[in-house]
Amino acid sequence: MSVDFKDYGKRMDKSLEHLAEEFGAVRAGRANPRVLDRISVEYYGSETPLNGVATISSPDARTLVIQPWDTKLLKDIQKAIQTSDLGINPQNDGRVIRLVFPQLTEERRKELVKQVKKYAEEAKVAMRNIRRDGMDYVKKLKKNSEITEDDQKKAEKDLQDMLDKYIKKADEALAAKEKELLAI
């Protein structure tokens with residue numbers, strides 16, 4: 001009998017997706033609309049993501065333009081950006097909000113690399129916890145005599161191989177993000 005690890009694979013996929021979201025929110029000196037994904041504005045009494053109340057465009061590599069569908073939201077959007085951890089001062093001209101991304105300093109690049117390494121390590125820890133859950137499940141099956149010792153060893157090896165594959169993907173994503181951050 002072989003043990004089914006689809007659920008554990010799905011959970012590891014989710015860890016990778018979360019890592020990609022975290023990386024997307026780290027600005028690399030280029031204007032990327034994804035840095036605004038975490039920002040929300042109160043709209044008709046409920047918190048609404050910024051991309052749900054405005055059009056976000058990038059006319060050039062260093063600028064984002066936010067054009068709300070309702071101009072009454074300009075001040076709220078401006079305030080939400082100022083209170084976020086983005087570190088950029090929005091410019092409001094009465095119709096649109098412009099965000100100009102400054103060139104990153106060497107020091108800031110190194111801080112961002114530390115930050116993305118931390119995100120990658122958190123993702124790997126989450127994946128290791130998923131593997132541990134899988135190992136516990138396999139041990140429980142063995143204890144209940146639902147699988148043989150050989151099946152247990154094979155299942156544990158399969159789990160470890162799955163973890164290694166996902167950690168390699170996380171490392172590849174980290175290397176790509178580091179390269180992006182350190183590119184001038």
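Numbers below:
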item: Any hit, the range 83-101, residues being in contact (Cβ under 8 Å) with a residue 40 or more places away in the chain and part of a helix (DSSP H, G or I); result: no
item: Members of the range 92-101 found to be open to solvent by less than 90 Å² (accessible area, probe 1.4 Å) and not small (Gly, Ala, Ser), listed by number; result: Asn92, Asp93, Val96, Ile97, Leu99, Val100, Phe101
item: Count of the range 102-137 residues which are part of a helix (DSSP H, G or I), open to solvent by less than 70 Å² (accessible area, probe 1.4 Å) and either more than 30 Å from Lys154 (Cα to Cα) or modelled with pLDDT under 85 (or both); result: 6
item: Conditions (1) small (Gly, Ala, Ser); (2) more than 30 Å from Tyr166 (Cβ to Cβ); (3) not in a loop (DSSP other than H, G, I, E, B): number failed by Ser15; result: (2)
item: Selection status of Lys142, of a type outside the set (Asp, Glu) and either open to solvent by 80 Å² or more (accessible area, probe 1.4 Å) or touching a residue at least 12 places away in the same chain (Cβ under 8 Å) (or both); result: no
item: Unique match (being farther than 30 Å from Ile66 by Cβ and surrounded by 14 or more Cβ atoms within 10 Å (Cβ to Cβ)) among Lys177, Lys154; result: Lys154
item: Leading residue by the ranking (modelled with the highest pLDDT) among those in the range 79-101 that are small (Gly, Ala, Ser) and under 14 Å from Leu36 (Cβ atoms); result: Ala80
item: Filter result for the condition that a residue is within 19 Å of the chain's Cα centre (by Cα) and within 30 Å of Asn144 (Cβ to Cβ), over Gly24, Gly9; result: Gly9
item: Qualifying residue in the range 5-27 (condition: open to solvent by 40 Å² or more (accessible area, probe 1.4 Å), touching a residue at least 24 places away in the same chain (Cβ under 8 Å), under 30 Å from Gly134 (Cβ atoms) and of a type in the set (A, V, I, L, M, F, W, C)); result: yes
item: Checklist (1) open to solvent by less than 90 Å² (accessible area, probe 1.4 Å); (2) more than 25 Å from Glu17 (Cα to Cα) applied to Leu159, failing item; result: (2)
item: Residue that is farthest from Ala31 (Cα to Cα), among those in the range 50-88 that are of a type in the set (A, V, I, L, M), over 21 Å from the mean Cα position of the chain (by Cα) and surrounded by 14 or more Cβ atoms within 10 Å (Cβ to Cβ); result: Leu73
item: Top-ranked residue of the range 14-39 - restricted to ones that are at pLDDT below 85 and of a type in the set (Lys, Arg), ranked as farthest from Ala176 (Cα to Cα); result: Arg38
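The values are calculated or read from the model by the stated rules, or taken from the named source; none is laboratory data. None of the values given here were measured: they were computed from a predicted structure. Ideal geometry is used to build each Cβ from the backbone, glycine not excepted, and the neighbour counts take in all protein chains shown. Heads up: the accessible areas ignore ligands, DNA and RNA and are worked out on the full protein's heavy atoms, side chains in. Shrake-Rupley method; radii C 1.70, N 1.55, O 1.52, S 1.80 Å.
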